[in-house]
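Single-structure report; data block below.
The values are calculated or read from the model by the stated rules, or taken from the named source; none is laboratory data. No experiment lies behind these values; they were computed from the predicted model shown. Cβ coordinates were reconstructed from backbone atoms using ideal geometry, including for glycine residues, and neighbour counts include every protein chain displayed.
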Amino acid sequence: MIPKVIFRYSWIYDQRWKKWMEEVSKYPSTEEVLNYIKEVEKLWRKNERKIFKELSRVTGLRWKSKIIYCYVVGKCKPFSDPLTMPVYKEKDYFIDVLVHELIHRLLSEEGNKEKTRKVLSYIKRKYKNESEKTKLHVLIHAIHWHIYLKFFDEKRLKRNIKLVRFSKDYSRAWKIVEKEGYERIIKKLKS
């Protein structure tokens, strides 16, 4: 099954985030968020089916959800369930983060958890001195690396690696994937 992302705006959800993100100087207005959703939706639709199919193919995992709702708010830390994304200056970066969160979703969908658990157990043993966040993101980043090269380009991949330098866990995971090779890590998931 190939799911479809439905972008949603919830005024009350957005207002909660606005309150939680008080330290953020400029919070986008409702109109700005709604316009942003229209723009990123067009961008996402260009590759949506191909990306979903490729994520399934490359991981050997299947999507169970027909529809994945993606809430877009002015500002937040993105997360996968409920899938919640902020407005980013670069719309292609929104797509990159969306793919990251969708990989989380795929790995945690019913029926995929056992296979995911096995490869994460291997990663946890191999990288026992790394943080839990780093260990989890080794697998996420390996899959994402594949998607970057298949649908986008290496320049965009490098931009993402550079932009997450603020997180030592994410940066460390990218370094491990670079050293090990994304194909090798994905192969462990599929075997």
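Would you mind stating whether V72 is assigned to a helix (DSSP H, G or I) and not assigned by TED's automatic domain parsing to the domain that holds I140? No: the conditions fail for V72.
So that you can scan it fast, the table gives a plain yes or no per residue for (1) surrounded by fewer than 18 Cβ atoms within 10 Å (Cβ to Cβ); (2) more than 27 Å from D153 (Cα to Cα):
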residue: M21; (1), (2): yes, yes
residue: V40; (1), (2): no, no
residue: L43; (1), (2): yes, no
residue: G74; (1), (2): no, yes
residue: I95; (1), (2): no, no
residue: N112; (1), (2): no, yes
residue: R117; (1), (2): yes, yes
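Every residue in segment 119-148 that is in contact (Cβ under 8 Å) with a residue 24 or more places away in the chain and exposed (fewer than 13 other Cβ atoms within 10 Å of the Cβ), please. Within segment 119-148, no residue meets the criteria. Within the option set Y69, Y122, being over 12 Å from the mean Cα position of the chain (by Cα), at pLDDT 95 or above and aromatic (F, W, Y) holds for one residue only, Y69.
Within segment 31-47, residues that are in contact (Cβ under 8 Å) with a residue 60 or more places away in the chain reach partners that are in a helix (DSSP H, G or I) with beta carbons closer than 6 Å, at six or more positions or on different chains, in the pairs N47/F151.
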